[in-house]
Amino acid sequence: MDNKIKELLSKLTLEEKAGLCSGKDFWRTKPVERLGIPSVMVSDGPSGLRTQFDNGVDENDSRPAVSFPSGCATASSFDRSLLRHLGEILGEEANNYNVSTVLGPAINIKRSPLCGRNFEYLSEDPYVSGELGAAYISGVQSKNVGTSVKHFAANNQETNRFSVSEEVDERTLREIYLPGFETCVKKSSPTTIMCSYNAINGELSSQNKWLLKDLLRDEWGYKGMVVSDWGAVYDRVKGIKADLNLEMPYSGGHTDKDIVEAVKSGKLTMEELDESVSHVLEMVLNYAEHKQSGEFDMEKDHAASAKIAEESCVLLKNDDSVLPLKAPTEKILFVGCFAENPRYGGGGSSKIKCYKMTSAVDAAREAGLKVKYVKGYNDDFVTTSPALTSEAEQAAREADTVVVFAGLPESFESEGADRTSLDMPDVQNELIEKLAAVNKRIVVVLHNGAPVTMPWVDKIAAILECYLGGENIGTAQINLLFGKANPSGKLAETFPLRLEDTPCYLTFPGNGRTCHYTEGIFVGYRWYDSRKMPVLFPFGHGLSYTSFEYSNLKLSKTAFKDSDGVEVSVAVKNTGSLEGKEILQLYVSDKTGVEIRPEKELKGFEKVSLRPGESKEVTFKLDRRSFAYWNTDTGDWYAPSGTYVISVGASSRDIRLTAEVDVTSSAKKAFTITPQTTMGDMLRNREMAALIHDDYMKARKFLDDMTDEEFEKKFPFPKEGMLGMILSNPFRSNRGRDGKTMEDILKQVEGYNKALED
């Protein structure tokens, strides 16, 4: 392939090369027919193909396709194999429609629950986003169809997304907003990466050399193509130099002309242009020359959509085991328009013209279940009438169990605009309250792309979170509600009690020009758990119709070097009477005190299927990064020497087993020692503390040798206060003591630094 690309580059004219760096139209790359370079088509589609008809008249007039659960749902499966399977299906469909690249997955971090595009994103946690994103990529690309991981990077709001500058410190970028992309690059080698619209610290992503070249190419070793988000390009020549290879969509020829003029004037070298063109050619030729035949059996994929939704729905509450419903002995009432017209996907570029819709009402009828249905509110989801409310209340009085289908209409959350509230429509909340007043067995089934408040949470018996579950969500809902399937999803994001509790409440979405990420690394559960803040439902939470017991936490070693890592195993047993799946979560807590860090961070998860009474052992492998934070002083990942706690649990707030380990850092130096450094700074680090051990013990002896009375006569504060002063004084304050000069102090700190480097 490399030789062929080199040959083509030698034959392409300057104008043809420039033309290959932008699209032919909204969805296609430009061909060069005289050299046999074809045009290939890309398609929106993290959760289904939004593929344009071949006539090319209307870029939004898409073919019918199967709508699968959105990212907000599939992330709750915590199931790598499920995401890979979804990718394989989409790869098959793409081949059938001659689509070279599926524009997904979308793995941006859910910084705020108000982000209008959160339904498309996977998680508030970068480990989850990276692991599941990589699995999806592997599935799609196994069919020789490309992926486009998006949106790189820090695309965490819709407000002014084309121009806002996300002001983020490097540590926060490295620990929260970049690792998901890094995992995808290193584990699955995505065909393309799509840059975001926004700027990062003042520089647009589409022309951000640090982001696209220094980090993505040089540091992470990415070999694929970088494409712009649609309309994200501002300075095309600067973008080429920053390693943005393909601009989409067609720009009317203006930016092609800019490239040609830049080469002729010497502003852009032919080598820089050839580098971009080579990535475009590789993407196009790899697909064209190795295209596979693809199957698109819509009935089969429609059924698969339901199975994926079953694995993704989350049982948030189930008091008195009101679920599963018991047909035909119960009189069951369905209330709410979502029961017959579910919101199956998000609004915007990922909205699918679905093959067919199966609602809960449809699925109940197909299953032969006798379920009564009343609307409860109007088809707009936000208004009602006294007659509809009265009908619902009367029907609820006569029912054994009432299932209310509620959630957010598309007008409340969509690409292009952020939400302004966590609340569902008032009419729905009021209806749930009224029904709960006349029937204690209320089940709420939610359709939403992000967390909502639940003022009625303590008044109802059960909650099934279905998110945006795809076109066959109704089948999944009936199977779960009536016990044909056992809920196994868990929340990949925290549900806060109120908007004011969220980490970025004071700064989201910024002033229109900039948005400052003042919460830093404390995003999602890292914020809520570190603050011991009550939440509606914690990260990782999800119930089952069976129960699980954790035991026998074992470590391959309890003391080790960070570069060696450790294996952690735990046994899990199904102690209930039904087959079910449990998602075990492993968290790491840094107890060294060297740096400010979250209370705990997710570093492993596994989904396990167990029959009643069955036990399995699950093993996790932790490496250096599992214990490390981004050290801005050394510009590297750093795991301080000392004690860490490994926890395994059923959610971030339901920790079942813990163990302590001692980690020895492979890097002795946490920061550069200067005259401004204090003894206290160095004592927090094991290797650095060893250098000043004698001086520290001398100071302790000075204090310990005096009685409290002697000390009080000599100093106007207690001993501990004096110790605090000694530890917090910078080395420069020793000038003049024992004849020390500043030159002596400089030599001292230089000696410390050299000792750490040797």
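Values computed for the structure shown
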{"quantity": "Test: Ser188 is in contact with a strand residue (DSSP E or B) (Cβ under 6 Å, 6 or more places away or on another chain) and among the polar types (S, T, N, Q)", "calculated": "no"}
{"quantity": "Qualifying residue in the stretch 87-102 (condition: within 16 Å of the chain's Cα centre (by Cα) and farther than 25 Å from Gly407 by Cα)", "calculated": "no"}
{"quantity": "Enumeration of residues in the stretch 737-753 that are over 17 Å from Asp695 (Cα atoms) and open to solvent by less than 90 Å² (accessible area, probe 1.4 Å)", "calculated": "Thr741, Met742"}
{"quantity": "Test: residue in the stretch 53-65 that is open to solvent by less than 20 Å² (accessible area, probe 1.4 Å) and either part of a helix (DSSP H, G or I) or closer than 30 Å to Asp274 by Cα (or both)", "calculated": "no"}
{"quantity": "Output for the stretch 670-691, where each listed residue is outside any helix (DSSP H, G or I), closer than 19 Å to Asp758 by Cα and either of a type in the set (Lys, Arg) or free of Cβ contacts under 8 Å to residues at least 60 places away in the same chain (or both)", "calculated": "Phe671"}
{"quantity": "Residue within the stretch 115-133 that is in a helix (DSSP H, G or I) and within 27 Å of Thr29 (Cβ to Cβ) present", "calculated": "yes"}
{"quantity": "Thr358 being surrounded by fewer than 21 Cβ atoms within 10 Å (Cβ to Cβ), closer than 26 Å to Leu323 by Cβ, in contact (Cβ under 8 Å) with a residue 40 or more places away in the chain and among the polar types (S, T, N, Q)", "calculated": "no"}
{"quantity": "Condition met for Pro612 (in a loop (DSSP other than H, G, I, E, B), under 27 Å from Lys600 (Cβ atoms) and at pLDDT 95 or above)", "calculated": "no"}
{"quantity": "Yes/no for Val568 being modelled with pLDDT of 95 or more, hydrophobic (A, V, I, L, M, F, W, C), outside any loop (DSSP other than H, G, I, E, B) and in contact with a strand residue (DSSP E or B) (Cβ under 9 Å, 6 or more places away or on another chain)", "calculated": "yes"}
{"quantity": "Boolean, Gly48 is open to solvent by less than 40 Å² (accessible area, probe 1.4 Å) and either in contact with a Ser or Thr (Cβ under 7 Å, 6 or more places away or on another chain) or more than 27 Å from Glu299 (Cα to Cα) (or both)", "calculated": "yes"}
{"quantity": "Residue satisfying all of: in the stretch 502-523; farther than 15 Å from Tyr177 by Cα and small (Gly, Ala, Ser); modelled with the lowest pLDDT among these", "calculated": "Gly512"}
{"quantity": "Which listed residue is farther than 30 Å from His541 by Cα, of a type in the set (Ser, Thr, Tyr) and in contact with a Lys or Arg (Cβ under 6 Å, 6 or more places away or on another chain), from Thr664, Thr672", "calculated": "Thr664"}
{"quantity": "Positions within the stretch 553-570 being charged (D, E, K, R) and open to solvent by 40 Å² or more (accessible area, probe 1.4 Å), in sequence order", "calculated": "Lys554, Lys557, Lys561, Asp564, Glu567"}
{"quantity": "Scope the stretch 115-148; condition within 20 Å of Glu289 (Cα to Cα) and either among the aromatic types (Phe, Trp, Tyr) or open to solvent by 10 Å² or more (accessible area, probe 1.4 Å) (or both); matching residues", "calculated": "Ser138, Gln141, Ser142, Lys143, Asn144"}
{"quantity": "Close pairs (6 angstrom Cβ cut-off, 6 or more residues apart or separate chains): over 18 Å from Gly542 (Cα atoms) in the stretch 599-618, part of a loop (DSSP other than H, G, I, E, B) anywhere", "calculated": "Arg611/Glu579; Pro612/Ser577"}
{"quantity": "Subset of the stretch 24-33 [over 14 Å from Val277 (Cβ atoms) and touching a Lys or Arg at 6+ places or on another chain (Cβ under 9 Å)]", "calculated": "Lys24"}
{"quantity": "Check on Ser728, modelled with pLDDT of 85 or more, open to solvent by less than 60 Å² (accessible area, probe 1.4 Å) and closer than 22 Å to Met688 by Cβ", "calculated": "no"}
{"quantity": "Failed condition for Lys714, given (1) surrounded by 14 or more Cβ atoms within 10 Å (Cβ to Cβ); (2) modelled with pLDDT under 85; (3) among the basic types (Lys, Arg)", "calculated": "(1)"}
{"quantity": "Search result, residues across the stretch 571-609 that are aliphatic (A, V, I, L, M), assigned to a loop (DSSP other than H, G, I, E, B) and surrounded by fewer than 18 Cβ atoms within 10 Å (Cβ to Cβ)", "calculated": "Leu578, Ile596"}
{"quantity": "Residue match in the stretch 518-526 (condition: more than 18 Å from Ser652 (Cβ to Cβ) and open to solvent by 40 Å² or more (accessible area, probe 1.4 Å))", "calculated": "yes"}
{"quantity": "Selection within the stretch 638-669 - in a strand (DSSP E or B), of a type outside the set (D, E, K, R) and touching an Asp or Glu at 6+ places or on another chain (Cβ under 9 Å)", "calculated": "Tyr638, Gly642, Thr643, Tyr644, Val645, Ile646, Ala650, Val663, Thr664"}
{"quantity": "Matching option when the condition is under 29 Å from the mean Cα position of the chain (by Cα) and surrounded by fewer than 23 Cβ atoms within 10 Å (Cβ to Cβ), among Ala309, Ala303", "calculated": "Ala303"}
{"quantity": "Selection within the stretch 233-291 - among the basic types (Lys, Arg) and surrounded by fewer than 18 Cβ atoms within 10 Å (Cβ to Cβ)", "calculated": "Lys257, Lys264, Lys267, Lys291"}
{"quantity": "Those residues of the stretch 180-199 which are open to solvent by less than 10 Å² (accessible area, probe 1.4 Å) and not in a helix (DSSP H, G or I), in sequence order", "calculated": "Pro190, Thr192, Ile193, Met194, Cys195, Ser196, Asn198, Ala199"}
{"quantity": "Evaluation of Val566 against (1) touching a Phe, Trp or Tyr at 6+ places or on another chain (Cβ under 7 Å); (2) within 30 Å of Ala339 (Cβ to Cβ); (3) of a type in the set (A, V, I, L, M, F, W, C) (one fails), failing number", "calculated": "(2)"}
{"quantity": "Subset of the stretch 438-459 that is crowded, with 19+ Cβ neighbours inside 10 Å and aliphatic (A, V, I, L, M) - its residue that is farthest from Pro113 (Cα to Cα)", "calculated": "Ile442"}
{"quantity": "Candidates Ala18, Ala73, filtered to the one that is open to solvent by less than 10 Å² (accessible area, probe 1.4 Å), touching a Leu at 6+ places or on another chain (Cβ under 8 Å), aliphatic (A, V, I, L, M) and under 26 Å from Ala232 (Cβ atoms)", "calculated": "Ala18"}
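Condition check ((1) in contact with a strand residue (DSSP E or B) (Cβ under 9 Å, 6 or more places away or on another chain); (2) open to solvent by 50 Å² or more (accessible area, probe 1.4 Å); (3) among the acidic types (Asp, Glu)) across all residues:
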residue: Gly489; (1), (2), (3): yes, no, no
residue: Thr502; (1), (2), (3): no, no, no
residue: Gly512; (1), (2), (3): no, no, no
residue: Cys515; (1), (2), (3): yes, no, no
residue: Arg531; (1), (2), (3): no, yes, no
residue: Leu536; (1), (2), (3): yes, no, no
residue: Leu543; (1), (2), (3): yes, yes, no
residue: Tyr550; (1), (2), (3): yes, no, no
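The values are calculated or read from the model by the stated rules, or taken from the named source; none is laboratory data. Just so it is clear, the model here is predicted, and its values are computed rather than measured. Heads up, the Cβs are rebuilt from the backbone with ideal geometry, glycines too, and the neighbour counts pull from every protein chain shown. Just the protein is used for accessible areas: all its heavy atoms, side chains included, with ligands, DNA and RNA removed. Shrake-Rupley method; radii C 1.70, N 1.55, O 1.52, S 1.80 Å.
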